[in-house]
Amino acid sequence: MRNSVNFPHFVNMVDDLLDSDQVQSMTRLNHHGKVTCFDHSLFVAYLSFRAARFLKLDYRAAARGGLLHDLYLYNNRDKSAHPGWQCFDHPVAAWRNARKLTDLSRKEEDIILSHMWPLARTRPHSKEAALVDFVDTLCATLELCRIYRPIRLRANLPAALAPAA
Ligand SMILES: [Fe+2]
Ligand SMILES: [Fe+2]
C-alpha cells in the first residue's frame with residue numbers, strides 16, 4: 001500500500017497515539033492468526049478514516065476510535081486475562097485503556113464500545129461507530145482469509161512511529 005491515499009494526513013491525526021507505549025505494545029499481541037493487534041488496528045483505522053472522509057463524516061473520530069478499538073492489551077488466548085467471553089469483554093477493556101491514554105470524544109467512545117455489534121449487545125449510536133463496526137468486520141475477514149496482510153501498511157509509517165516488525 002505504498003502511495004496510500006492521504007496516509008500522511010491520517011498519520012498526523014493519530015501520531016500521538018501511535019507514539020504511545022500502549023499502542024506500540026499491541027505489536028506483541030496476536031489478534032487474527034498471526035496478524036498482530038497493532039497491524040489490524042492500523043488497518044481498521046486507516047480504512048475507516050478514508051471511508052469517513054468519503055462519506056463526509058467525522059474522520060478524526062473514525063481514525064482515532066479505529067486505532068483504539070482493540071486496545072484491550074492482554075493475550076486473547078489466556079482465559080485468565082478476562083472474566084467472560086472475549087467478544088463481550090474486549091471492547092470494554094479497550095475503552096478503559098483508551099480512556100487512560102487520551103481524552104476520548106463521545107463518538108470515539110461509541111466506536112470502541114460498539115465495534116462488536118451485533119455479536120455484542122452495545123449497538124452503535126453514531127454513523128462513525130456503525131462505519132468502524134463495518135470496516136472492522138471487513139478487515140477481519142480479509143485478514144482471516146489471508147487476502148490482505150496489513151503489515152504492509154505499517155511499512156508506510158514514518159520511522160519514528162513505526163514499531164519493530
Ligand atoms: Fe475487537
Ligand atoms: Fe478489530
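Candidates in segment 60-97 are the residues that are touching a residue at least 24 places away in the same chain (Cβ under 8 Å) and aromatic (Phe, Trp, Tyr); of these, the one that is nearest to ligand 2 (Cβ to nearest atom) is Tyr72. For first residues located in segment 150-165 and over 19 Å from Leu29 (Cβ atoms) and crowded, with 16+ Cβ neighbours inside 10 Å, partners that are polar (S, T, N, Q) and at pLDDT below 90 and lie 6+ apart or on another chain with Cβ distances below 9 Å form the pairs Asn156/Asn3; Asn156/Ser4. When the residues of segment 110-141 are filtered to those that are closer than 21 Å to Asn30 by Cβ and free of Cβ contacts under 8 Å to residues at least 12 places away in the same chain, the one that is nearest to ligand 1 (Cβ to nearest atom) is Thr137.
Helices (runs of 4 or more DSSP H) fully within segment 36-116 that include at least 2 residues being at pLDDT 95 or above and more than 19 Å from Leu131 (Cα to Cα): 37-54, 86-101.
Within segment 24-66, track down each residue that is β-branched (Val, Ile, Thr) and either away from ligand 1 (no atom under 12 Å from the Cβ) or more than 9 Å from the chain's Cα centre (by Cα) (or both).
Passing the criteria: Thr27, Val35, Thr36.
Looking only at residues of segment 67-91 that are away from ligand 1 (no atom under 11 Å from the Cβ) and under 14 Å from the mean Cα position of the chain (by Cα), we find that the one that is surrounded by the most Cβ atoms within 10 Å (Cβ to Cβ) is Leu67.
The values are calculated or read from the model by the stated rules, or taken from the named source; none is laboratory data. These numbers come from a predicted model, not from an experiment. Here Cβ is always computed from backbone atoms with ideal geometry, including for glycine, and neighbour counts include all displayed protein chains.
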